[in-house]
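Computed from the coordinates by the stated procedures, all read-outs in this text should not be read as laboratory data. It should be emphasised that the depicted structure is a prediction, and the values quoted were computed from it without experimental measurement.
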Amino acid sequence: MLSSSTSRITLIFRYSLLQIPNFVSFPSSSSLHSHSTRQVDEAVHSFTRMLSMRRPPSIVQFTKILGSLAKTKHFHAAISLFQQLQVRGIAPNLITLSIVINCCCGMGRMTPAFSILAKIFRMDYQPNTVTLTTILKGLYLCGSVEKAVRFHDRVVAHGFQFNQVTYGTLINGLCKTGHTSAAIQVLRKIPRYGIDPSVFMYRAIIDSLCKDTLVSQAFHLFSEMLAKGISPNVITYSSLIFGLCLESQYKEAIDLLSDMVLRNITPNVPYL
């Protein structure tokens with residue numbers, strides 16, 4: 001449950017993006033022509049046919065089409081069709097808006113994504129963890145790492161709860177964008193939120209440290225995860241072996257490979 005009113009939370013999200021415009025311009029329907037696959041053509045035909053009905057079907061039917069386009073990464077097409085819904089005055093539901101946010105984030109358009117999030121609150125809906133995680137991922141993929149961390153902190157401070165998948169996504173994103181130290185800080189924070197670190201989180205950080213030739217720090221985390229009873233996987237070992245080889249520590253790399261085999265983990269040849 002949330003610990004604050006809807007209006008208060010809406011202001012938080014607006015603050016997170018500094019300023020949300022009152023009107024967001026989505027791509028025009030002409031952008032659909034760039035997605036001339038059979039699947040998109042069929043989706044557009046079905047969508048426009050339903051729109052032209054004297055009594056259009058429920059928003060659920062429109063949302064299914066938008067969802068199928070989003071799953072196949074035809075983001076421009078999905079958003080253009082959503083705009084047609086708005087023109088017709090057909091009210092979206094929470095799932096519809098969540099799909100549009102996913103499309104905006106997939107295109108790196110975070111301003112409209114936050115505008116749709118604000119619309120969710122204005123309609124007295126509450127976004128789910130998946131939607132908020134999508135926004136976090138969108139922010140760091142756009143290089144707005146500090147904004148992503150700030151967004152997370154404000155959301156948590158006002159009653160939202162993220163899950164293990166969210167933190168795995170956030171840690172992986174921080175590592176991929178060269179913010180390994182920030183990823184380690186997140187790893188240290190999550191137990192206070194009732195989240196247990198996972199092998200995916202450790203693996204992402206260990207891999208990033210090894211690529212930065214910070215092998216000793218990587219092994220410190222490796223020992224830590226073993227002490228917590230978290231079993232390493234083949235990618236974890238491959239990252240460590242790669243790091244050792246970068247520092248010409250071939251004997252240690254062979255020893256680690258032997259340890260890997262003793263744990264019944266099959267070496268991943270392309271990594272070695």
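Rounded to the nearest whole Hz, the Karplus-based 3J(HN,Hα) values (6.51 cos²θ - 1.76 cosθ + 1.60, θ = phi - 60°) of segment 119-124 follow the sequence 5, 4, 5, 4, 8, 6, with x at glycine and proline.
Expressed as a whole percent, the proportion of Cα-Cα pairs in segment 155-272 lying more than 20 Å apart is 41%.
When only alpha carbons are used to place a centre, segment 202-216 and segment 145-183 end up 19 Å from one another.
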